[in-house]
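What follows is a short report on a single structure.
The values are calculated or read from the model by the stated rules, or taken from the named source; none is laboratory data. For clarity, every value in this text was computed on a predicted model and none was experimentally measured. Cβ: placed from backbone, ideal geometry, glycine included. Neighbour counts: every protein chain shown. Remember, those area values only see protein heavy atoms, side chains included, never the ligands or the DNA or RNA. Shrake-Rupley method; radii C 1.70, N 1.55, O 1.52, S 1.80 Å.
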Amino acid sequence: MKKSAVFFASIFLSLCAAIPLSAQEKRGWTFSAEPRFGARLGQCKEIVWHNKSSGDGLYKLSELVYDMLPVWYIGANIGARHNRFEINFLSKFFIPARSGRLTDSDWLNDIAYGNGDTTTKTDYSEHSLFLNSTAAGIAGFDLELQTAVNFKPTSFLTLAPVLSFNAQYMNFQGRNGIGYYGNYLPSQRTRASWSDVANRTFIDYNGQTIIDYEAYNLFVWAGIRARFEPTNWLAITATTEVSPLYIFFDYDTHNTNSKYFFDMAITAFYAFRQSAQIEFKIKKFFSLCQTTTFVFTGETHGSMYGKADSGEKYKKISNTEAGDQIVYVDLELSAKFSW
């Protein structure tokens, strides 16, 4: 991790200082506005770990997987450039709609009975998942402030170190669905697997709101962007970034048993982003663009807090860690106006 930090920092600083401005680059401000429409495909996970009864580390106690298959968004990119310096504000606002399914899995034998069984999945449920509007009318957003310093080693290639501050929010709600719960087996002092048809309980959650989940993801992105312009009507841009700082926190309300949880994790160099854009220049001031962006984070580990009543204060849960993992691809079309 330290080697990665030094590598990206050295490249960023060296590029900022590289190559003096040519006479052609010494011009005034230019601006751009780019309405965009797209879809996000992927999933985010909410994960809970607990200390093993044997005392030799953590095991996965619970995992909730929230589908984004897809979630749709609209937004815009607003940009300004002066000489080599560039600043952009990028926005995506997510549209309330069904996003796929929510699955909830638990491995409860070791925490309940101290029997060392950390591999038997005792509980499993799946539910319809929706991106749901809050009281403020917001279902989710992805907002980013990006800066870059451009230089042209050749007439057709522009390189730039980029630095971005990115805030994301999603408001999910799981509804209806079914659940399977392994029965207790007294002779074995354990619970059966959820998939053991002869020893499980089935619950139909039709008509119920199961979970309300609000996820917040804050990134600092740093990386390198390359823009290749082989002709006067085509430009191809690729950007590679890592996150030297990633902060995650969420609010998780389990409506069926009135339990409330708050999770938080802070990590460094746990997130990666790769994007590529093809721009077709229809006119000098107008282009059509297609952009693909891939984001991946590792499984974070942080603190978990809980309470049994909405009016209480959250209390830290001992011997337990919580975190998240995000994997998604954004596919979007946009129209760019420049002046």
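The HN-Hα couplings worked out from phi for segment 176-181 by the Karplus form 6.51 cos²θ - 1.76 cosθ + 1.60 (θ = phi - 60°) are 6, x, 9, x, 10, 10 Hz, whole numbers, x standing for Gly and Pro.
Where only protein heavy atoms count, and the probe is 1.4 Å, what is the accessible area per residue for segment 248-294 in Å²? Can you show the working numbers first?
Numbers: 2480 Å² over 47 residues.
Here the residues of segment 248-294 average 53 Å² of exposed surface.
Remind me, relative contact order of segment 184-339 in percent, using alpha carbon pairs under 8 angstrom and six or more residues apart?
Details: 340 pairs, mean separation 28.6, N = 156.
Computed over segment 184-339, the figure is 18 percent.
Note on the chain: GNM, Cα springs under 10 Å; of Asp324, Asp309, Asp117, the largest mean-square fluctuation is that of Asp309. GNM on the chain, alpha-carbon springs under 10 angstrom: the most fluctuating residue among Gly223, Gly114, Gly177 is Gly114. Applied to segment 123-135, the Karplus parametrisation 6.51 cos²θ - 1.76 cosθ + 1.60 on θ = phi - 60° returns per-residue 3J(HN,Hα) values of 10, 8, 9, 9, 9, 6, 10, 10, 7, 10, 6, 7, 4 Hz, with x for Gly and Pro.
Loop-located chymotrypsin sites (Phe, Trp or Tyr not before Pro) in segment 95-200 (DSSP state other than H, G, I, E, B) with a sparse environment of at most 13 neighbouring Cβ atoms within 10 Å: Phe156. Residue-wise HN-Hα couplings along segment 250-267, as the Karplus relation 6.51 cos²θ - 1.76 cosθ + 1.60 with θ = phi - 60° gives them from phi, are 8, 10, 10, 10, 8, 6, 6, 10, 6, 10, 10, 10, 10, 10, 8, 9, 10, 9 Hz; Gly and Pro carry x.
Treating only the Cβ of Lys, Arg, Asp and Glu as charged (+1, +1, -1, -1), what charge dipole size does the chain show about its Cα centre? Round to the nearest 20 debye. Display every interim value, and only then the final one.
Details: 32 positive and 32 negative charges, 274 e Å.
The calculated dipole for the chain is roughly 1320 debye.
Computed from Cα atoms, the angle from the helix 2-17 axis to the main principal axis of the chain rounds to 20 degrees. Sorted largest first, the principal axis extents computed over the alpha-carbon atoms of the chain equal 84, 43, 37 Å. Of the residues Gly306, Gly182, Gly116, the one that moves most in a GNM of the chain with alpha-carbon contacts below 10 Å is Gly116.
If you take the charge dipole of the chain about its Cα centre, with +1 on Lys and Arg Cβ and -1 on Asp and Glu Cβ, which of Ser195, Leu218, Ser62 is farthest toward its positive end? Going by the charge dipole, the pick is Leu218. The local environment of Thr158, defined by Cβ-Cβ distances under 9 Å, has a net charge of +2 under the rule Lys, Arg +1 and Asp, Glu -1.
Might you report the magnitude of the Cβ-based charge dipole of segment 96-245 about its Cα centre, with Lys and Arg at +1 and Asp and Glu at -1, to the nearest 20 debye? List each step's numbers first, then the result.
On the way: 10 positive and 14 negative charges, 64 e Å.
For segment 96-245, the charge dipole is close to 300 debye.
In this structure, the amide hydrogen of Val162, modeled 1.01 Å from its nitrogen in the peptide plane, lies closer than 5 angstrom to those of Gly223, Ile224, Arg225, counting only residues at least 5 positions away or on a different chain.
Positive end of the dipole of segment 39-188 (Cβ unit charges, origin at the Cα centre): among Leu131, Gly174, Phe141, the Cα lying farthest that way belongs to Phe141. Count Lys and Arg as plus one, Asp and Glu as minus one, and take only other residues whose Cβ is under 13 Å from that of Ser54; the net charge is then -2. Ranking Arg273, Arg189, Arg175 from most to least accessible surface, computed with a 1.4 Å probe over the protein chains only, gives Arg189, Arg175, Arg273. Take Leu234: with every protein chain present and a 1.4 Å probe, its accessible area is about 30 Å².
Our note on the geometry: Cα centres of segment 303-339 and segment 42-56, 16 Å apart.
For the chain, what is the mean residue ellipticity at 222 nm derived from helices alone (per DSSP H run of n ≥ 4: -39500 (n - 2.57); sum divided by total residues; nearest 500 deg cm²/dmol)? Please list the in-between numbers first.
Values: 2 runs with 21 residues, N = 339.
Calculated at 222 nm, the ellipticity per residue is -2000 deg cm²/dmol.
Defining a contact as two alpha carbons under 8 Å apart and six or more residues distant in sequence, what relative contact order in percent does the chain show?
Details: 971 pairs, mean separation 55.5, N = 339.
The value is 16 percent.
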